[in-house]
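Trainee: This is the structure, below, for whatever I ask next.
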């Protein structure tokens, strides 16, 4: 068992759900396989691969997409009470390469950060899931141009983007309240 997950306060049912999808290394750190590369997590280290293959866990119809496996574990640690049957869940971590997301048929929720990078990733991943390529250009003065539409950094969200373009993808986003990411939240609350 990964003592690091225990130290982070990850509930037992969440640890058991994710257990088949990672390796505990001799030094106690955790490796999540992204094809030939690994996301590596230790108390003072979190390395994300730039991998073509995503990490996946579970095979249910409720799909959650994040940057990292630890973000997925952290999210479920805070939200497990909302999902009485964890077998209905599927998690996909894309690392730093979100172009090769597998075809998804279930209800999709994005778990990217609250900062501008996370919100831009929401837009890019949402487009990729619909097999659309979009160009995002930063024009300075905290303004972005996306497919001919202007968004200030403060107003740019997946919801605002879809409303402006008249899209109804049905893709949800979930953000932590007080932290940028769920992994950041679980670390600060438990380490």
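None of the figures in this text is laboratory data; all of them are computed from the coordinates on show. Because the structure is a prediction, the values reported are computed rather than measured. FYI the Cβ positions are ideal-geometry reconstructions off the backbone, even for glycines, and counts take in every protein chain you see.
Trainee: Starting with the fewest neighbours, write out 70, 3 ranked by other beta-carbon atoms found within 10 Å of each beta-carbon.
Mentor: 3, 70
Trainee: Then there is this: Roughly speaking, what is the centre-to-centre gap between the stretch 1-49 and the stretch 121-181 when only Cα atoms are used, to the nearest Å?
Mentor: 30
Trainee: Starting from the Kirkwood Rh over alpha-carbon pairs, what translational D in µm² s⁻¹ does the stretch 39-112 have by Stokes-Einstein at 4 °C and 1.567 mPa s?
Mentor: Answer from the Stokes-Einstein relation: 102 µm²/s.
Trainee: With runs of 4+ DSSP H residues as the only contributors, calculate the mean residue ellipticity of the chain at 222 nm using -39,500 (n - 2.57) per run, divided by the residue total and rounded to the nearest 500.
Mentor: After summing the helix terms and dividing by residue count, I get -8000 deg cm²/dmol.
Trainee: How many Å³ per residue does the convex hull of the Cα positions in the chain occupy?
Mentor: 124
Trainee: Under the rule a/c < 1.5 gives rounded, and otherwise a/b versus b/c splits prolate from oblate, where does the stretch 1-91 land using the Cα gyration tensor? Show your work: numbers first, answer last.
Mentor: Values: a/c = 1.91, a/b = 1.22, b/c = 1.57.
Here the stretch 1-91 falls in the oblate category.
Trainee: Which one of 91, 83, 112 has the biggest mean-square fluctuation once the chain is modelled by GNM with Cα springs under 10 Å?
Mentor: Of 91, 83, 112, the Gaussian network model singles out 83 as fluctuating most.
Trainee: Determine the relative contact order of the stretch 93-191: mean sequence separation of Cα pairs under 8 Å and six or more apart, normalised by residue count, in whole percent. Don't skip to the answer; put the middle values down first.
Mentor: On the way: 101 pairs, mean separation 31.2, N = 99.
With pairs under 8 Å counted, the relative contact order is 32 percent.
Trainee: In what order do 163, 175 fall by count of nearby beta-carbon atoms within 10 Å, going from fewest to most?
Mentor: Going from sparsest to densest Cβ surroundings: 163, 175.
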